[in-house]
1. Can you list the residues, at least 5 places off or on another chain, whose amide H is less than 5 Å from the amide H of B:Ser50, using H built in the peptide plane?
2. What is the count of Lys pairs in the stretch A:2-197 whose alpha carbons sit under 23 Å apart, if the two are 8 or more places apart or on different chains?
3. Enumerate the calculated ³J(HN,Hα) couplings along the stretch B:124-133 in order (Karplus 6.51 cos²θ - 1.76 cosθ + 1.60, θ = phi - 60°), each rounded to whole Hz, writing x wherever the residue is Gly or Pro.
4. How large is ³J(HN,Hα), in whole Hz, for each residue of the stretch A:71-87 in order, when computed from phi with the Karplus curve 6.51 cos²θ - 1.76 cosθ + 1.60 and θ = phi - 60°, using x for Gly and Pro?
5. Under a point spin-label approximation (7 Å from Cα along Cα-to-Cβ), what is the A:Lys14-B:Lys69 distance to one decimal in nm?
6. If eta is 1.567 mPa s and T is 4 °C, what Stokes-Einstein diffusion coefficient results for the stretch B:4-157, Kirkwood Rh from Cα pairs, in µm²/s?
7. Applying the Karplus parametrisation 6.51 cos²θ - 1.76 cosθ + 1.60 with θ = phi - 60° to the phi angles of the stretch B:41-58, what ³J(HN,Hα) value in whole Hz is obtained for each residue in order, glycine and proline being reported as x?
8. What angle do you read, to the nearest 10 degrees and between 0 and 90, between the alpha-carbon axis of helix A:188-197 and the longest principal axis of chain A?
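Derivation of every value follows stated rules applied to the coordinates shown; laboratory data play no part. Quantities reported herein were computed from a predicted structural model and do not represent experimental measurements. We place every Cβ from the backbone using ideal geometry, glycine too, and count neighbours over all the protein chains shown.
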Amino acid sequence: MADRYDERVIEVIKEFASIGAGNAATALSSLLDLELMNEVTSAKIVPLSEVPMWLGGPEKVVACSYTYLCGELRSGVLAILPDDSATMLLKHLTKQEVDLSAITKLQLSALQEVGNICLCWYLMAVSKMIHIDMIPAPPDATVDLLGAVLDIPLANLGAKVDNVLAVHTSFRALEKEFEGYFLMLPEEATFNLILERMGVPKK
Amino acid sequence: MSQRRVVGIAQMVICRAPDQLACLGLGSCVAVIVYDPSTKIGGIVHVLLSKAPTKCNDPEKYADTGTRKLVSEMILKGAKKEKLVAKLVGGAQMFSRLNLSIADIGRLNLEVARRTLRELGVPVVASDIGGTHGRSAIMDTLTGKVTIEAAFSPVRVI
């Protein structure tokens, strides 16, 4: 896969990723009332079929927020937290014990809000960078098997997606550490447009 | 030695006993599982969408064309049409708050799979479908039993 894209593209994706994730971390800091440091540990283009393995397998339990872009660009956008990171974050936010297998309405609502903020702030940064409006639909969130949460994003694009812009970022605050993933599933035309706006010459 | 083969989205796999077939993390997708107990030939097609467009290069992606292809290929491989039975797994509504018509695709997938099986004369003998949670399905071709695993519920066998 990597050989299909030169280093310039990978550099662009990393820049895109760290600005987007950085912006999301800033927003999350104020929600959590914590000084949150974040570091993008990995940003790359992953073939769609390899996404579940990259995130730990289709049967891994994750908290997932999903939205999609309305307008010129067509892409699904997901923020994914592994189960332990989601539990830690929700505990801090709701000051309650959290059991993802019996998540309360309040906790789910908090999770939806975290997803909403992360996704919107991520997209805001990216949108400014490429000078194209990115208008996300109201997101929804759920806790379930990774394979299962990816079905709707795929179905919505009719599986017309080959490349996923995948970002892994770790967050640190006080003694807490957690990790999250941002995934963009653009249709091919959208993907090409993003690269073009980021200054990658057409092949 | 039995082997477990994973059937990904828009894929179809047919095998004989003692092998196992698995669909991992089904959300709105549906696993159409067909089995012939007399020859112990089993097959799964893992469909993403309900109805195929007129011009379609990947029949395995859709409930109508995928189910038809599965049944006809199983017969080609020696399964007996009159012995075939089907089980359906999946078709959940993963994101109910989305204002997208596709949010309901799980129900549509099930509806089309059921209708196609009825047209083909293959009875649906068991199912684990709908709801708002995902599951995995593992079929044992020795018995035709399907084990259902979900994130937060006990394992069940159908």
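1. B:Ala63
2. 12
3. Couplings: 8, 9, 7, 7, 9, 9, x, x, 10, 10 Hz.
4. Here the 3J(HN,Hα) series is x, 4, 8, 10, 7, x, 9, 10, 10, 10, 10, x, 4, 5, 5, 5, 4 Hz.
5. 4.0 nm
6. 86 µm²/s
7. With the stated coefficients, the stretch B:41-58 comes to 9, x, x, 10, 10, 9, 9, 9, 10, 8, 10, 6, x, 4, 9, 9, 9, 10 Hz.
8. Between helix and principal axis, roughly 80 degrees.
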